[in-house]
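Okay, structure first, notes after.
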Ligand SMILES: Cc1cc2nc3c(=O)[nH]c(=O)nc-3n(C[C@H](O)[C@H](O)[C@H](O)COP(=O)(O)OP(=O)(O)OC[C@H]3O[C@@H](n4cnc5c(N)ncnc54)[C@H](O)[C@@H]3O)c2cc1C
Ligand SMILES: Cc1cc2nc3c(=O)[nH]c(=O)nc-3n(C[C@H](O)[C@H](O)[C@H](O)COP(=O)(O)OP(=O)(O)OC[C@H]3O[C@@H](n4cnc5c(N)ncnc54)[C@H](O)[C@@H]3O)c2cc1C
Ligand SMILES: Cc1cc2nc3c(=O)[nH]c(=O)nc-3n(C[C@H](O)[C@H](O)[C@H](O)COP(=O)(O)O)c2cc1C
Ligand SMILES: Cc1cc2nc3c(=O)[nH]c(=O)nc-3n(C[C@H](O)[C@H](O)[C@H](O)COP(=O)(O)O)c2cc1C
Ligand code: FES
Ligand code: FES
C-alpha cells in the first residue's frame, strides 16, 4: 500500500513470504549482464555518456575502459571547435549546467588520436556525432564507418540547425528525421541511435519520427535547457547565458521519457541516461525500458562512477535472483508476477 | 573572469571599488517591495504557489498570511474531486514528484469556506482555476468574479483537455488560447494569468498565444512531468505512474523559462516559480523578469518558507542598495551599469 | 492542532535495540503534546538533496524539562542521517502535529496494541488512561526481540503486558494480533488503541469490530508536508455523514476510528468516494 | 598526471588565521605529489545536493606519514561544509592532479609570489628549488594579516620574505605586486613562480616579461571534473606552434607559462583561437 514496505521490516507483521528479495539471493548465481543494442552485443549495459568522459583516455587511472559496455565519446564535429567562452558551468541543486559549445578537435584528430587509443585497449566505442547541417552529419558518418573500435553511431541531434535559424534538430520531427536518414544512408550497417532532447512537447512523436527515418535505436535524454543568474553581478552566470541541465536533478524526467517511448515503441532499443549515480538508478532506467545506460555527470562527482555503477547493478540484480539482464528490461511496464 | 569573485576576497588584490556590494548597504534605507501585476498592486512580491499551501489556513500557525504578497490557492474545479489513489508523492534528488490529481472540494465549498477565511484576515487571494473543458474554466471565472479577497485569477492550463484525448491545454497554443479567451470574457476586469507548463518545445510560442488571447500575465512554471520506479517492487512508485517534478531541482529550468518569455514579451508581467527556497532564489526570478514569485514545494520543507523568503529578499535587496523592487525586475537582461 | 516550528538541539542519540532513542530540546513542542501526535523533522542538513520532512510519533514530551523524545528505526536515507546526527546539532522540527488519541468519556478497560516502534506513543497514552481510572492492557509485538521497544516501561504503566515476536526471540512466538482476541473477549475491553503497520491496524480494527469495542488507530501514510497543505497523505475514510472521502492523515489523523478507515481500499480510489466521479473525465 | 581516488580520513581541521588547515590520511596521494598539483574533494556527504568536487592546492604531502594538507578558505557552500567536517570523517579525494611547477634546468634565483591561500604550494616549491641550488625570494600578500598563510614557514624556506597587506595590518601596506619589481630587477631573478588571484598572476606575468624572466603561474579556473573530461576549466593559451587554443587548466595546467596565457582574453572567445571560426555557424 505504501511506497515502501517499511512495515514489514519493522515488526514482521503481515509479512508476505518472498517479498524480502533483498535479503536473499546473495548466494544467487552470477547474472548474465550482456545486452544487445540493435544487433550489437555488449558485455554489460553500463556505458559512459557523450561529453562526460571525453574519449575515455582520462578515465584510465580509475578503470579499465574495456570493462565498460562501451565508451560513448564526446560529440565530434567535422572541424575543430573552440567551444564557448567561460564560465561554462555552474552547480545547481543535485545537478549542474554546462555550456561547453561542443569543444573538440574535429574528426581528423579524433580518428588519428582518440579512437585508436580505445581500439588498442579492446574497448568498444559508441561515437557521437554532431553537425550544423544534415550534410555534416552524413559526412561524419562516412568518415567513421569501418574504423576500429566503432560499434555504434550516436547522432547528437540536440544541436542547433544552421538552416533553421538555430532551432535544435531534436526539437523538430522533420529535421530530426532528415539527419537520421542521411546518417543511416552512410552507416553501412553500423547501428544508428538518435539522441533525443527532453525539451519537447511530445518526445514520442520525435522518437517515432527518428525510427521511421531509420534510427536503429534511441539515446535519451540529453540535457534540459536551464539557466542560473548570479545574484551578485545580477547577470547570467554562464557566458553562453543558458546551458544544459544534467545530473540527478533531471533523473525523474529522464526515466519518464524512457518509459513513455518504450511504452509506445517497445521494440526500439533505448540507451537511457540522465542523472544516474548508482546501480539502483541504472536499474530504474532498465526497468523503464532501456537496454543499456550511460553514466554522465556522475563522473565529475566520482571518476570511477561507470565501473562502480556496473558493480552495484550486478550486485542488485544478483540479490534479486535475476538471471539475464533482458529479464528486467522494461519490466516496470508489466504487472508483477506475484 | 571567474563565475565567483573569490580572489577579491582572498587577498584584496585587483579589487575594484564598489564591487563588494554585499558589504555595503546594511545602512541602506528600506527597500520598497511593492509590485504591480497587471494593475494589481501587491505589498510585496512573495506569494504562495497553487497546490502547495491549500487555501492558506494551514499556514496560520507559521505566519500571518496577510503579510504575503498574496495567497495563491490550490486549483479549484467546479465539482468536488477525490484526487488520485496513493502513493501520490515521492522524494527525488532536490525535488519531489506529486500526482495529487487536483483533489479539492469544488467551487461551492471553496467559496463558502476557503475564500472568506482569507478575506477576513485581509489577505489577498490569487485563485487558481482548473477545468477539463473550456466551458468549465469560464464557469469558474463567472462564479469567482467579485468575491471578496480575489485580486487575480490564475488559470491552470496544465490539466488534461477532455476534448483532446487528454492532451494538456498548456501544451497546445490553440487550446491554451481558447481557455484564456473564455476566462477573460468572464473576468470582468480581474486580471487573468495563464500558468504555463515547461514541458513544451517552445514556451515563448505558448506565452505569445495566451497573451494574444487576452492573458494579462503569465505564471510559470508548473511542474515537469517525471517518474520514479521502485527498484524493489519493480513498478512505478506513484499510483498515477507519472507525476509532476517540483523543487530546487527544476529551478534552472524555471529561471530559463522566465528569462526567455521576458526577453520575448518584456511588457507582460510574470509570476515566477519553480524551486524557490531562499530570498536569493527569489531574486534570480526577479532578475530574469518576474514581477513576483510563488514559493511552492519549499513549504513542505519549511512551513514558514514564504515569509522567510520575503525577509531574506528584503535583506538582500537592502544590502545591494536597491530602492524599488521594479529596479531589479528583468535587470539580468540589461548590461551592468558599472 | 498544528504545532510550532523550532530549532531543537539534539541532546542525545542512543541505540535501543534495533532503534535509536533521540532526545531533543524543544520546549515549545514539549509544552503541548498529546499521545498519538507526531513531529516532522527536516533531515540531511544544509545543502541536502532531501527536501521532505520525516515524521515520527512522540514518545515522551516533558514540559518541565522542555525535552521531547522520538524512537527512530533506520530505514532509508533520511533516517540514516538522523540516527547519526551529533549531539548539539540544531534540528528543524515542526510539532506537535496531528489529532491525538482521545480518552474514553468513562473509565473502563483499554487494550493498547503496538507493533515495532508503534509502541512509542503508547506509554503516555497508558499513563493518561490509568490516571483517568481505566485499566490498561498492553500487547507489544515485533519481528524479533531487538525490535520490541519499551517492554519494561510497559510493565510500569499497564496492568498486563503481552509480548510476541515473529521469531520467538522474546515473548510468545507469533503475531501481535494473536494476543488480542483474548483481551477483547473475557474482561470486556471498552476501548482499543493501536499503532503499528497498516496490516496490523486493519487486523486489530476488525477484531475490535467483532467484539464491538471502539478502536482508534494511528496510521502511517507517506507525508510530504505534515501540516495539511499538500494532499499526499490521504486515505479513504467514512465520514459521519456516511460518505467516504480521501482524508488527510496528517491533520485529520494520524489517529482515526478504525471502523471509519476503508482498509481494503487504502492505496486505491473507490468509486464511491466523494469526488471520484469527477476523476474519470480527466 | 592524473592521480588516484581514495577515501582519505580527516586527521584534523585547524583554523589558521582566516583559513583552515585540513590534514588528511591519504598515502596513495602523499606518495607522489609535486608542488603546484592539487586535489579534488567531494563535499557535502551522502545525499548532498552538491555534485561537483572542490579543488585545493596541496600544501604538504609527506610520503613517510602518508598525510597531505590543504589550506581552505571558507567561500561558499562546499567549503562551508568542508571546514566543519569532523575528524575521522572519510573524504573522497582524487589526486594529485594537474601539471606541477617545473624546476629550472640550472640553479639560479627564484622569485615566488603568492596571494592569500596561494602561498600553499610555495613552501614545498621553495624547498625543492633550494635543494637544487637556487636562491629563493618569497613575496606574500593578502587583504589583511589573517589572510597571510605561512609567513614563518616562508622565512624558513626562503632567503628573503616580503609581506604586503592591503590594509597594512601586516608587512607593507599595498599589493603583493608592488614588491615584485625590485626582486626581479636588481639581483637578476632567473625564474618567477606565482599562485593567487587571476589579476595578480597577470600582473606578475607582465612584470616578468618586462624583465624577460620566465614565469610560471598556477591558475584557478572553475572546474567540474578536475580530471580532463568535461572541458569547463579552459582558458585561451598560446601553444608552441604559436596558435591559441582553449586549454584545460586541470590537466594541461593549473601551472602555465605566464607568457602563453592570453590574460585579457580569459573569459572571452578570441576570434583567432583554434576552432573559434566553427562557432559562428551554430
Ligand atoms: C505519522 C507518522 C509517524 C511515524 N512515526 C515513526 C516513529 O515513531 N518511528 C519511526 O522510526 N518511524 C516513524 N514513521 C515512519 C518514518 O516517517 C519513516 O520511516 C521515515 O520517513 C523514512 O524516511 P527515510 O528517509 O529513512 O526513508 P526513505 O525511504 O529514503 O524516504 C523517502 C520518502 O518516503 C517517506 N517514507 C518512507 N517510509 C515511510 C513510512 N514508513 N511512513 C511515512 N513516510 C515514509 C519519507 O518520509 C520520505 O519522504 C512515522 C511516519 C508517520 C507518517
Ligand atoms: C586548481 C585550484 C586550486 C585551488 N586551491 C585552493 C586552495 O588551496 N585553497 C582554497 O581555499 N581554495 C582553492 N581553490 C578554490 C576552491 O576550489 C574554491 O574556493 C571552492 O571550489 C569554492 O567552493 P564553494 O562550494 O565554497 O563555493 P561555491 O561558490 O558554492 O561553489 C560553486 C561552484 O563554483 C566553483 N568555484 C567557486 N569558486 C571557485 C574558485 N575560486 N575556483 C574554482 N572554482 C570555484 C566550485 O568548485 C563549485 O563548483 C582552488 C581552485 C582551483 C581550481
Ligand atoms: C559537460 C557536459 C558535456 C556534454 N556534452 C555532450 C555532447 O557532446 N554530446 C551529447 O550528446 N551529450 C552531451 N552531454 C549530455 C550527456 O551526454 C547526457 O545526455 C546528459 O548529461 C544527461 O546525463 P547525466 O545526467 O548522466 O549527465 C554533455 C553533458 C555534460 C554535463
Ligand atoms: C503537491 C503539489 C501540488 C500542486 N498543485 C498545483 C495545482 O493545484 N495547481 C497548479 O497550478 N499548480 C500546482 N502545483 C505546482 C506548483 O504550483 C508550482 O508551479 C510548482 O510546484 C513549481 O514550484 P515549486 O518548485 O516552488 O513547487 C503543485 C505542486 C505540488 C508540489
Ligand atoms: S502530509 Fe501534506 S496534507 Fe498531509
Ligand atoms: S575540470 Fe573538467 S576538463 Fe578540466
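The values are calculated or read from the model by the stated rules, or taken from the named source; none is laboratory data. Worth saying up front: this structure is predicted, and the values here are computed from it rather than measured. In this analysis, Cβ positions are derived from the backbone assuming ideal geometry, glycine residues included, and neighbour counts consider all displayed protein chains.
Key figures
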item	result
Strands (runs of 3 or more DSSP E) wholly inside region A:182-258 that include at least 2 residues being under 18 Å from residue A:101 (Cα atoms) and touching a residue at least 12 places away in the same chain (Cβ under 8 Å)	A:224-226, A:243-246
Selection within region B:262-273 - closer than 20 Å to residue B:46 by Cα and in contact (Cβ under 8 Å) with a residue 60 or more places away in the chain	B:262, B:268, B:269, B:271, B:273
Selected residue [more than 7 Å from every other protein chain (Cβ to nearest Cβ) and surrounded by fewer than 18 Cβ atoms within 10 Å (Cβ to Cβ)] from A:202, A:216, A:281, A:172	A:202
Residue identified as within 30 Å of residue B:249 (Cβ to Cβ) and touching a helix residue (DSSP H, G or I) at 6+ places or on another chain (Cβ under 8 Å) among C:140, C:72	C:72
Single unsatisfied condition, residue C:174 versus (1) surrounded by fewer than 24 Cβ atoms within 10 Å (Cβ to Cβ); (2) touching a strand residue (DSSP E or B) at 6+ places or on another chain (Cβ under 8 Å); (3) more than 25 Å from residue C:276 (Cα to Cα); (4) more than 12 Å from chain A (Cβ to nearest Cβ)	(4)
Verdict on residue D:271 being more than 14 Å from chain B (Cβ to nearest Cβ) and either out of contact with any helix residue (DSSP H, G or I) (no Cβ under 6 Å at 6 or more places or on another chain) or outside any strand (DSSP E or B) (or both)	yes
Single residue of region D:184-201 satisfying the filter (away from chain B (no Cβ under 13 Å) and under 14 Å from residue D:122 (Cβ atoms)) that is farthest from ligand 1 (Cβ to nearest atom)	D:191
Answer from B:94, B:128 - the residue that is out of contact with any helix residue (DSSP H, G or I) (no Cβ under 9 Å at 6 or more places or on another chain) and at pLDDT 95 or above	B:128
Failed criterion for residue D:118 (all others in (1) under 15 Å from residue D:190 (Cβ atoms); (2) surrounded by 24 or more Cβ atoms within 10 Å (Cβ to Cβ) hold)	(1)
Selection from region B:264-277 of residues that are on the phi < 0 side of the Ramachandran plot and within 10 Å of chain A (Cβ to nearest Cβ)	B:277
Residue satisfying all of: in region D:143-154; in contact with a helix residue (DSSP H, G or I) (Cβ under 8 Å, 6 or more places away or on another chain) and more than 24 Å from residue D:128 (Cα to Cα); nearest to the other protein chains (Cβ to nearest Cβ) among these	D:143
Test: residue in region A:121-134 that is over 25 Å from residue A:244 (Cα atoms) and assigned to a helix (DSSP H, G or I)	no
Some residue of region C:9-27 being in contact with a strand residue (DSSP E or B) (Cβ under 7 Å, 6 or more places away or on another chain), away from chain A (no Cβ under 14 Å), outside any strand (DSSP E or B) and modelled with pLDDT under 95	no
Every residue from region A:297-338 that is touching a helix residue (DSSP H, G or I) at 6+ places or on another chain (Cβ under 7 Å), part of a loop (DSSP other than H, G, I, E, B) and either within 14 Å of chain D (Cβ to nearest Cβ) or within 16 Å of residue A:274 (Cα to Cα) (or both)	A:302, A:303
Candidate set: region D:240-260, residues that are in contact with a strand residue (DSSP E or B) (Cβ under 6 Å, 6 or more places away or on another chain) and more than 26 Å from residue D:94 (Cα to Cα); chosen: the one farthest from ligand 2 (Cβ to nearest atom)	D:244
Any hit, region C:222-229, residues being within 14 Å of chain A (Cβ to nearest Cβ), surrounded by 24 or more Cβ atoms within 10 Å (Cβ to Cβ) and either more than 25 Å from residue C:107 (Cβ to Cβ) or out of contact with any strand residue (DSSP E or B) (no Cβ under 9 Å at 6 or more places or on another chain) (or both)	yes
Of all residues making up region B:305-324, the number that are crowded, with 21+ Cβ neighbours inside 10 Å and within 18 Å of residue B:53 (Cβ to Cβ)	5
Matching option when the condition is away from ligand 5 (no atom under 16 Å from the Cβ), surrounded by 24 or more Cβ atoms within 10 Å (Cβ to Cβ), more than 13 Å from chain C (Cβ to nearest Cβ) and over 19 Å from residue B:36 (Cα atoms), among B:183, B:155, B:147, B:192	B:183
Check on residue D:163, within 28 Å of residue D:62 (Cβ to Cβ), within 13 Å of chain B (Cβ to nearest Cβ) and surrounded by fewer than 21 Cβ atoms within 10 Å (Cβ to Cβ)	yes
Among residues of region C:234-259, those that are in a loop (DSSP other than H, G, I, E, B), within 17 Å of the chain's Cα centre (by Cα) and more than 8 Å from chain B (Cβ to nearest Cβ), counted	4
Sole exception among (1) assigned to a strand (DSSP E or B); (2) over 19 Å from residue B:83 (Cα atoms) for residue C:213, by number	(1)
Residue among D:247, D:204, D:157 that is within 21 Å of residue D:123 (Cα to Cα) and surrounded by fewer than 24 Cβ atoms within 10 Å (Cβ to Cβ)	D:157
Any hit, region C:202-223, residues being within 16 Å of ligand 4 (Cβ to nearest atom), within 30 Å of residue B:52 (Cα to Cα) and in contact (Cβ under 8 Å) with a residue 24 or more places away in the chain	yes
